[in-house]
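The values are calculated or read from the model by the stated rules, or taken from the named source; none is laboratory data. Just so it is clear, the structure is predicted and the values come from calculations on it, not from any experiment. Because the Cβ atoms are built from the backbone with ideal geometry, glycine has one as well, and the counts that use them run over all protein chains shown.
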Amino acid sequence: MKENTYILRAKHNFFIYPFFQYYTKMMIKKKFESISIEGEFKDSGKPLMLIGNHISWWDGFWAMYINLKLFKRKFHFMMQEDQLLRYKFFNYTGGFSINNKPRNIIESIDYSSNLLNDKNNLLLIYPQGRINSIYESNFQFKRGIEKIVKGKDIQLIFSANLLDYFSKPKPSLFIYIQEYKGDYSHKSIQEAYNKFYLNSIQYQTHRKYD
């Protein structure tokens, strides 16, 4: 019997998914002066959830890049349904849908939570639910994040993508990461991420360049 579903579930096409990985590395190398990953990651062999700042079209590519370099998990990410239908390519690279209908939200949260039962999976989400300015430092997370991680034994990683041009025509990308080890309440995760993001900006501001 066919399972009723209100969301577009992630697929990993045998051709499109590897191509997306290759395309990510190629485009980042072409469009950015340099890429630097700031912070430590010690792999504990658990499912991984990555929380990032949602600032541009590039966000998913940056997350895939760090996954290829560090995390080495099967890539999954939540995407607005209208955008996923518009760019169907992403459904075959690990993208799954969410919209504002109650049934859809519940299923997307349950699906996200189930992904975190598999140690080989990475789940990328932007709990703020919208694109923010790179200068935004007070993120307001949706409460669904607490339901996704409730009772899970995972590695929860914060990331902050920051850019600087300096004297170059192309920007340099700095990806800051930090593992979160606090409790999984919505408020605690939100407060910890905001603190991490501010610290990342401060560190970037005082960075010395040759």
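General observations
- The set of residues from segment 147-189 being touching a Lys or Arg at 6+ places or on another chain (Cβ under 7 Å) and either without any contact (Cβ under 8 Å) to a residue 40 or more places away in the chain or within 17 Å of MET49 (Cβ to Cβ) (or both) comprises ASP153, ILE154, GLN155, TYR184, HIS186.
- For ALA10, the conditions (1) assigned to a loop (DSSP other than H, G, I, E, B); (2) at pLDDT below 95; (3) of a type in the set (A, V, I, L, M) all hold with the exception of (2).
- Under the condition of being over 18 Å from LYS142 (Cβ atoms) and either surrounded by 13 or more Cβ atoms within 10 Å (Cβ to Cβ) or β-branched (Val, Ile, Thr) (or both), the residues counted in segment 177-195 number 4.
- Of all residue pairs spaced 6 or more apart or on separate chains, those with beta-carbon atoms under 6 Å, a first member in segment 106-128 that is under 14 Å from ASP153 (Cβ atoms) and a second member that is of a type in the set (D, E, K, R) and not in a loop (DSSP other than H, G, I, E, B) are ASN121/LYS74.
Yes/no per residue for (1) crowded, with 21+ Cβ neighbours inside 10 Å; (2) out of contact with any Cys (no Cβ under 6 Å at 6 or more places or on another chain); (3) modelled with pLDDT of 95 or more; (4) small (Gly, Ala, Ser):
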site: SER44; (1), (2), (3), (4): no, yes, yes, yes
site: LEU48; (1), (2), (3), (4): yes, yes, yes, no
site: MET79; (1), (2), (3), (4): yes, yes, no, no
site: ASN99; (1), (2), (3), (4): no, yes, no, no
site: LYS142; (1), (2), (3), (4): no, yes, no, no
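- For the residues SER167, SER137, SER133, the requirement of being of a type in the set (Ser, Thr, Tyr), farther than 30 Å from LYS11 by Cβ, touching a helix residue (DSSP H, G or I) at 6+ places or on another chain (Cβ under 7 Å) and at pLDDT below 95 singles out SER137.
- Candidates PHE75, PHE71, filtered to the one that is surrounded by fewer than 23 Cβ atoms within 10 Å (Cβ to Cβ), farther than 24 Å from ASN138 by Cα and of a type outside the set (D, E, K, R): PHE71
- Across segment 44-60, the number of residues qualifying as under 14 Å from LYS74 (Cα atoms) and in contact with a helix residue (DSSP H, G or I) (Cβ under 9 Å, 6 or more places away or on another chain) comes to 5.
- Selection within segment 144-174 - farther than 21 Å from PHE71 by Cβ, out of contact with any strand residue (DSSP E or B) (no Cβ under 7 Å at 6 or more places or on another chain) and surrounded by 15 or more Cβ atoms within 10 Å (Cβ to Cβ): GLY144, GLU146, LYS147
- Flag if ILE134 is crowded, with 20+ Cβ neighbours inside 10 Å and β-branched (Val, Ile, Thr): no
- ILE106 meets each of the listed conditions (1) under 25 Å from SER56 (Cα atoms); (2) surrounded by fewer than 21 Cβ atoms within 10 Å (Cβ to Cβ); (3) of a type in the set (A, V, I, L, M, F, W, C) apart from (1).
- Here LYS119 meets the list (1) touching a Gly at 6+ places or on another chain (Cβ under 9 Å); (2) among the charged types (D, E, K, R); (3) buried (at least 18 other Cβ atoms within 10 Å of the Cβ) almost entirely, failing just condition (3).
- Test result for TYR111, of a type in the set (Ser, Thr, Tyr), closer than 30 Å to TYR165 by Cβ and over 13 Å from the mean Cα position of the chain (by Cα): no
- Failed criterion for SER34 (all others in (1) surrounded by fewer than 13 Cβ atoms within 10 Å (Cβ to Cβ); (2) of a type in the set (Ser, Thr, Tyr); (3) farther than 26 Å from SER137 by Cα hold): (3)
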